[in-house]
Amino acid sequence: MVAVLQLAAFLALLLVALWRLAWQPRAVARAFARQGIRGPSYTFLAGSLLEAKRLVMDGRRGAALDAGCHDIMPVLLPPFSRWVADYGKTFLFWVGPIPAVFSTDLQLIKQVLTDRTGLYQKDFMIPVMKFLFGGNGVILLNGDDWKRHRRVVLPAFNHDKIKRMSMLTAEVTDQMRQQWSEQIHQSGDEQSAKVDMTHAMRDLTTEITGRIAFGTSHQEGDEVFGLMREMQKLATAAMMDAPILWYLPTPRNLHVRRLNKQLRSKIISIMQARLAAKRATTNKCGGGNENDLLGLLLQAWTPQQHGIGNGGERLTTDEVIDECKTFFAAGQDATATLLVWAMFLLAVHPQWQDKVREEVLREFGTHHDGGEVPNADVLAKLMLLHMVLLETLRLYPPVVYIQRTAASDVVLGGINVPKGTIISIPIAMLHRDREVWGPDADEFNPMRFEHGVTKAASDPKALLAFSLGPRVCTGQSFAIVEAQVVMAMILSKFTISLSPKYVHKPRYLLTLAPKLGMPLILRNIVAE
């Protein structure tokens with residue numbers, strides 16, 4: 001009797017598995033097809049991933065682009081570029097047995113991003129993503145938990161905090177400029193220095209983020225970011241795996257768990273050191289420094305006696321750790337990516353570099369010695385620089401695409417979408433829609449932002465680099481200010497040109513990265 005029951009249970013499980021992995025996906029595909037939504041066919045377990053891998057490999061074997069070509073989608077996202085051509089603006093593809101609706105229809109995407117009902121949840125699905133970005137952090141949480149975390153984190157980006165951040169950004173940037181000047185001085189007759197901006201901007205923003213948000217030493221910041229960069233590479237590779245592999249004890253997954261354990265240990269040590277320093281300061285002079293992000297998080301950390309942050313919010317140890325991960329990952333990498341591509345674009349378009357430099361020298365002055373900081377009044381006058389940064393965010397957004405998951409059956413853009421369906425939002429492709437941005441959508445034209453973001457395209461909400469709606473990036477104001485300060489200080493002292501060794505073949509590594517680095521040639525402007 002027991003054997004019969006066990007056999008029955010096994011057969012029942014087998015039937016459920018076959019339904020979910022074979023019959024249900026085909027039934028879902030037919031339901032979408034009846035609504036005019038088609039896409040690459042479903043393959044058992046793998047979904048569309050086998051075809052996607054083939055297209056990715058074909059793209060990697062393809063030739064590099066001309067540096068002046070900004071039509072990068074066929075190189076950057078070859079599967080999506082091909083499928084849009086084959087199936088139109090909105091199509092269905094498969095992440096294993098999970099249906100995914102991909103769309104470059106801005107109105108449909110706005111419906112997702114501006115929703116305030118919780119219909120479209122943030123869920124990256126891949127466990128390594130949650131390890132990297134913090135599954136209990138403000139980026140990935142939903143509902144009341146997200147609101148609670150946002151109330152704790154938001155004060156870290158108020159006006160006074162951003163002013164302090166600007167001063168620290170200028171200080172660290174000036175140190176970098178001095179190093180570059182020394183390299184140029186040591187170059188002899190060449191009077192130039194070749195710098196890989198990928199590494200330089202990564203180191204710069206690591207230092208800035210570590211000091212501004214956490215008060216960490218350069219060594220501690222490097223250790224945290226080193227672990228996160230290694231995890232980032234593993235996460236990128238995992239995105240091409242069938243979902244069943246995300247949860248098995250593969251060598252990659254075991255390596256990710258080891259990295260996460262090290263990362264947690266490092267962040268906890270930073271938290272404990274900060275608390276010890278706070279206690280020493282309090283005993284000495286009756287107060288503590290709670291100005292930065294970590295200070296705000298520690299105020300809300302439940303194990304502490306005070307245990308209550310802004311608005312009476314509380315955070316567990318895991319939540320504090322994951323918020324630290326969130327800011328380390330998002331705060332450092334996104335700004336570094338923006339800076340790298342902004343300098344690339346000014347190197348490729350020297351006429352714009354000259355215009356922006358003239359503006360910087362006029363408004364910022366020629367005698368910056370590290371003591372003067374480009375304050376809010378000065379930054380507000382750097383209109384051309386701001387336009388260049390916005391155009392950089394349009395053509396080379398740090399985050400190429402984002403995802404949401406339907407929390408229930410919904411009607412999206414007139415399409416019936418079942419619960420659990422992924423909504424794939426290709427930011428970089430939406431930024432190149434000629435119907436929205438005009439016939440020059442693939443060209444570098446900062447003048448499109450002459451009258452502001454809302455008038456740059458046919459739709460006032462077309463720029464999605466920091467997302468849109470209630471889940472818009474909390475740190476976007478600081479990211480722009482940080483980039484303005486760094487770019488103004490660099491352009492006030494150096495000209496930049498593209499090294500002949502640069503290979504223009506952007507790649508997707510969770511953020512948009514140059515395949516072989518970004519080597520630029522720097523020269524002192526006084527030597528020109």
- Query: Helix 350-364 versus the longest principal axis of the chain: what angle, 0 to 90°, nearest 10, using Cα atoms?
  - Reply: 60 degrees
- Using only Cα atoms, find the angle between the long axis of helix 476-491 and the longest principal axis of the chain, and express it within 0 to 90 degrees, rounded to the nearest 10. 40 degrees
- Task: Go through 417-428, 25-36 and give me the packing order, highest mean Cβ count within 10 Å leading.
- Result: 417-428, 25-36
- Dividing the mean separation of Cα pairs under 8 Å (6+ apart) by the residue count of the chain yields a relative contact order in percent of 23 percent
- Note on the structure: Around D86 (Cβ within 15 Å, Cβ-to-Cβ, excluding D86; K/R +1, D/E -1) the net charge comes to +2
- For the chain, the charge dipole (Cβ of Lys, Arg +1; Cβ of Asp, Glu -1; about the Cα centre) points to a positive end, and the Cα of A276, A213, P418 closest to that extreme belongs to P418
- Query: Which value in deg cm²/dmol, rounded to the nearest 500, describes the helix-derived mean residue ellipticity at 222 nm for the chain, given -39,500 (n - 2.57) per DSSP H run of n ≥ 4 and division by the residue count?
  - Reply: -16000 deg cm²/dmol
- Item | Cross-link reach list, lysines versus K355, counting only Cα pairs under 20 Å and skipping chain neighbours closer than eight places | K381, K493
- Query: Among the aspartates and glutamates, which have Cα under 16 Å from the Cα of K325 when same-chain residues fewer than 8 positions away are ignored?
  - Reply: E207, E220, D222, E223, E230, D292, D333
- Query: Over the C-alpha atoms of the chain, what are the Rg and the largest Cα-to-Cα span, Dmax, in Å?
  - Reply: 24.5, 92
- On Cα atoms only, tilt of 317-327 relative to the major axis of the chain in degrees: 60 degrees
- Note on the structure: Once the in-chain neighbours fewer than 8 apart are removed, the aspartates and glutamates whose Cα is under 19 Å from K419 read D115, D123, D409
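Express as a percent, rounded to the nearest 5, the fraction of DSSP beta bridges in the chain (both residues included) that run antiparallel. Write out the running numbers ahead of the final one.
Values: 31 of 35 bridges.
Percentage antiparallel, nearest 5: 90.
All of the numbers you see were taken from the coordinates with simple rules; none came from a lab. None of these values were measured; they are calculated from a predicted model. Backbone-built Cβ (ideal geometry, glycine too); neighbour counts: all protein chains shown.
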